[in-house]
Each structure stands twice: as structure tokens, then as C-alpha cells.
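Remarks on the structure that follows.
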Amino acid sequence: MAKVAKSPWLLHYDGSSCNGCDIEVLACLTPIYDVERFGIINTGNPKHADILLITGGINTQNKAVVEQLYSQMPDPKVVCAVGICACNGGVFKDCYNIIGGVDNVIPVDVYVPGCAARPNAIIDGVVKALGVLEEKREKMKAERGKTN
Amino acid sequence: MANRSVVPFGPQHPVLPEPIHLDLVLEDEKVVEAVPKIGYVHRGLEKLVQKRDFNDFVYIAERTCGICSFMHGMGYVEAMERIFNVDIPGRAKYLRTIWCEMSRIHSHLLWLGLLADGFGFEALFYQCWRMREQVLDMFEEATGGRVIFSVNKIGGVLKDMPAEMLDKFVKNFNYLELQLKDITEVFLKDYTVESRLRGVGILSKEDAITLGAAGPMMRASGIKIDTRSLGYAAYEDIDFEIITSNECDSYARCEVRIKEIFQSIDIIRQAVSKIPDGELSVAIKGNPNGEAFARMEQPRGEAIYYCRANGTKFLERMRIRTPTFTNLTPMLHTLKGAELADVPLLILTIDPCISCTER
Ligand code: SF4
């Protein structure tokens, strides 16, 4: 990460996580880890968000919710799957109600491993996501340039 | 008659870390009815017991909920130990007690923070979570994990805490106690905080009994029940008074939980002074056969674990009854007649854990 040009806002959604990864995501926002120093703010509104952090796998009930949240976010947007559950289902992979990782329903850009994912790893993931966000923004700019 | 409207609340909502959906039927600003819709976090974890062998399932049971992860693991292994009919070594019992109380402290601090966030006191939220990190640091030092510890096994525990570590932890907790006294002042005496909590979400003693409230929610309505007094793990050797309050409102729930943190610190001190030396676990032989219950007091109330085995390495059934599940009905009751603006706070005061409720 060479520079952070903008203040990316983050939306957190708890898929079907056990809470372990959730509280670690929240811990990232608190004074010890403090992602706000990168200008990152946790917002509750998908229309304000640039980065979607999802913890936990996809089940039949929350599938539609995740799809809807993703579609409400403005472009460019980045999805970051936090924890092994969100990456591929994790320990709950064989449960009857689990479809699998988040990439079953929406495209995922960054995978953060761990069960539970540690705050350091989550911050690392978010910083990687910032890079991807920047790339996507550049690409959008270039495409807009072509049509104009 | 005033106009009725239905406001959907959740599953994704700024104050809720976890997804729950409520349809709030409003008359102007007053809630007349709340209809919950759950299942967003349902995984089907109990059924997994038929696919994982009984030893491995400890790790799945722990992941029922990442906040009380230690206690979920412990509830499952205690039920299994009853089936195997083994008595675990004294040191393991004490270690479990200490870890349980540490979990309670971190869970209550987490809740206090979320509550502060719920009524818009950001600095207080940060203070609570900063203090909570100190408990997590100790957990990390003792077990290697911050939220998921994996130190339980059927027949005992996997890791020991040496005497120096225990002494150090007691010192840390003494320091934590000092910091806690400062924030207690704010939670219980600050004018603005009181104005948000006093008289909000009344649950009378009678209602608490008929609707089946559990844990601090019940104790804040003046009912003196705490499963720890049954004396599982090392609790029979520990002195403690059950904390109750007769005010029945959100303020009382906050007060009970804060006092419980002080109590937990005291229990840890007692446990450290009495912990015996010895083995950490006993060996278990063969496959389980039979059925058993285990009960324990989690931060949110009483949880019950049931296991049924059939002599193979896969259990037939495992069932958990979680405190939040029984607290949902009292919560819906307190929502009736509340102002829309108080709804997030009222949901928070039961300290909901959706993930263990839906499993
Ligand atoms: S990855 Fe582990 S800690 Fe995270 S939600 Fe899944 S089971 Fe819980």
C-alpha cells in the first residue's frame, strides 16, 4: 500500500458466523487496533459503503440479504470475506443449511483466513482491499474516458 | 385511532452486530406489536454431531458462539463426561472455573460497550472495549486464542496455567477492577445515561417468571436464580452471593451486569488461591453410550446441553437450549408500548446472542 488517497467506508454484515469473527471485526474498530487511522469508518448504510466485510458462510435464509446488500453498494466496490467460514464454509461446510462460502453468491476480492480471523489479519485484508478498490476506480475512470 | 404502520427492522442494522429481523407495528411512535423473523444465522450445527466423531465435536460445539465459546465447549464436554461417568481432576475443574469467569468478564464488557454505542456514547464504548482487550490478552497468553480457545477435551483440559501466570493475571484483574470503578460511575450515575435507561423496558417479576426470562435479565427483575449455585466445576468451593435488583428496568439490567463483573473478578481471586496441583485430564475409554444433561450459567443466562450416544463414535443427538432463546419472549413483551427510538436499546438489554440461538 503506497498511499491511501480516499477514506473508504466499510459495511459489515454477519452472514452465518459464530460471532467469533464478528467481534474481531468490531475489535478492529476499537482503540487497540483502530482502523479509523486509515480513514476507515464503519457505516451501517450500504449506499455509503466501499468495502463489504462479510463474516460467516451463506445459508438459504441470508442469501438474498447478501445479494441485496451487494447490489445496493455503489461502484467501485470490494468484497472481503473474513474467516474461513466466509471463505468456503469452514467447520460448518457439511451443515445442511450452509451453501458454502460468500463467493457462491457474490464475487469476493479478498479472502482473510483464520478461525477466528485475527484483527491483524483483518486489517491486512482491508488494506489489500484498498489496493483492489483503487485498481477498480482507475479502470472505471479509463472506461469512462473511452465513452466520452 | 392513530394510523398503523409497519416498520421493518434488520436484519442488517447499524446497532445490531448480528442479524435479526423484526416487523414493528407502530401507532404513530409507539410500538404495538413486534413480530420477529429469525433464521439468518442458522447453520444446522446440532445435526453435525452425526458426521463428526464425539471428540472432534468439541471444536464444533465451541463454535456455537464466539463470545461464550469456552462455555459452549465446556457444556458439551460436561455432558459427555456424565455419559462416560468420569470425574475430572480438581485442577481441571478450577481452570475451567477461571476461564468461565474470564469469559463472563469479557462478555459483559462487550455488552456494556455495545450498550454505550446503542445510546450514542461513543467514548464509553471505546473505554469498555479497551478494557475487554486486556482480558483477551490474558486469554491469548493462557490458551493461544483470542476468541476461540480449544482448551477443553472430554475428561479435562488441554492446557495448564502455571502459578506465575495465575499471579500475574490476578494482578491484571486488580488493575482492571480499578478501571472498572471509573466506568461504573458513568454507567450508573451519569445523568444522560440514566435518562436513557431508567424506567425503560420494564419487565415485572411475574412477567419474568411466566415468560421465562434467564440470566441477568431475570435477576434484574428480582428473581434469585443462578445456575452456578448448583456447584458444577469448582463453584461448590467458591463463595458468592447471587446479584439481583428489584427495579426491573434497563438500568437494573446494566447494574446487575456491572456488579457481576466485580463478582467474577472476586471468584477468579478465590479460585487462584485455592487451585490444587495435579493432573489436567483423565483418559476416557471406548465409545459413549447413554444420555446426559449438563447445565451452566453463561453470561446471558442458563444454558442446557443434552447428548445422546448409542455406543458408536457418532452421537445420535445433541441439543442446546440457549439463554437468548428464552429471553426473546420477554424482549418482545418489553417492546410493546415502547417508543420506536428505544427499540435498539431494548433489543440490546437482553444481550442477544443470535448465533447461539439459531445455531
Ligand atoms: S471462521 Fe471460525 S470464528 Fe469465524 S465465524 Fe467461522 S467458526 Fe466462527
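The values are calculated or read from the model by the stated rules, or taken from the named source; none is laboratory data. Bear in mind that the values here come from a model prediction, so they are computed numbers and not experimental data. FYI the Cβ positions are ideal-geometry reconstructions off the backbone, even for glycines, and counts take in every protein chain you see. Just so you know, the surface numbers come from the protein's heavy atoms only, side chains and all, with ligands and any DNA or RNA stripped out. Shrake-Rupley method; radii C 1.70, N 1.55, O 1.52, S 1.80 Å.
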Shape call for segment B:219-359, from the Cα gyration tensor axes a ≥ b ≥ c (a/c under 1.5 means rounded, otherwise prolate when a/b beats b/c, else oblate), comes out oblate
Taking a crude spin-label model, label points 7 Å out from Cα along the C-beta direction, the residue B:204 to residue A:60 distance in nm is 4.2 nm
With label points set 7 Å from each Cα along the Cα-to-Cβ direction at residue B:317 and residue B:237, the distance between them in nm comes to 3.7 nm
So the angle from the long Cα axis of helix B:323-335 to the longest Cα principal axis of chain B, reported in degrees to the nearest 10, equals 10 degrees
Here the whole-number average of other chain Cβ atoms within 10 Å per Cβ of B:38-50 is 6
The farthest towards the positive end of the charge dipole of segment B:97-180, of the residues B:174, B:118, B:107, given +1 on Cβ of Lys and Arg and -1 on Cβ of Asp and Glu, is B:107
Of the accessible area of segment B:45-332, computed with a 1.4 Å probe and all protein chains kept, carbon and sulfur make up a percent value of 50 percent
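Just the accessible area per residue of the protein assembly as shown, please: how many Å² with a 1.4 Å probe?
Working: 19480 Å² over 507 residues.
Counting only protein heavy atoms, the per-residue value for the protein assembly as shown is 38 Å².
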Taking the square root of 5λ for each eigenvalue of the C-alpha gyration tensor of the protein assembly as shown, the equivalent ellipsoid has semi-axes, largest first and in whole angstrom, of 35, 28, 24
Interface buried area A-B, accessible surface with 1.4 Å probe, both sides summed, nearest 100 Å², comes to 3200 Å²
Segment A:1-139: antiparallel bridges as % of DSSP beta bridges, rounded to 5, reads 10 percent
For the residue B:158, residue B:3 Cβ pair and Förster radius 51 Å, calculated FRET efficiency rounded to 0.05 is 0.25
Honestly segment A:9-147 on the Cα gyration tensor test (a ≥ b ≥ c root eigenvalues; a/c under 1.5 rounded, otherwise a/b vs b/c for prolate or oblate) is just oblate
Here, chymotrypsin sites (Phe, Trp or Tyr not before Pro) of segment A:1-102 satisfying both criteria (DSSP loop; at most 14 other Cβ within 10 Å) are A:96
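I need the shape label for chain B. Rule: rounded when a/c is under 1.5, else prolate if a/b > b/c, else oblate, with a, b, c from the alpha carbon gyration tensor.
Numbers: a/c = 2.06, a/b = 1.38, b/c = 1.50.
Verdict is oblate for chain B.
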For chain B, longest principal axis from Cα atoms; helix B:69-84 axis from its Cα atoms; angle between them, nearest 10 degrees, is 50 degrees
Residue B:246 and residue A:45 label points (each 7 Å along its Cα→Cβ direction) are spaced in nm at 4.7 nm
Helix B:250-274: inclination vs chain B longest Cα principal axis, degrees, rounded to 10, gives 20 degrees
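Hey, got the average number of other protein chain Cβ atoms within 10 angstrom for residues in B:131-144?
Values: counts 0, 4, 6, 1, 0, 5, 1, 0, 0, 1, 0, 0, 0, 0.
Neighbouring Cβ atoms belonging to other protein chains average 1 per residue here.
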Output for segment B:1-92: GluC sites (Glu not before Pro) sitting in coil per DSSP, at most 14 other Cβ within 10 Å, listed by number, reads B:29
Given Cβ charges of +1 for Lys and Arg and -1 for Asp and Glu, the option among A:44, A:25, A:82 whose Cα lies farthest towards the positive end of the dipole of segment A:9-147 is A:44
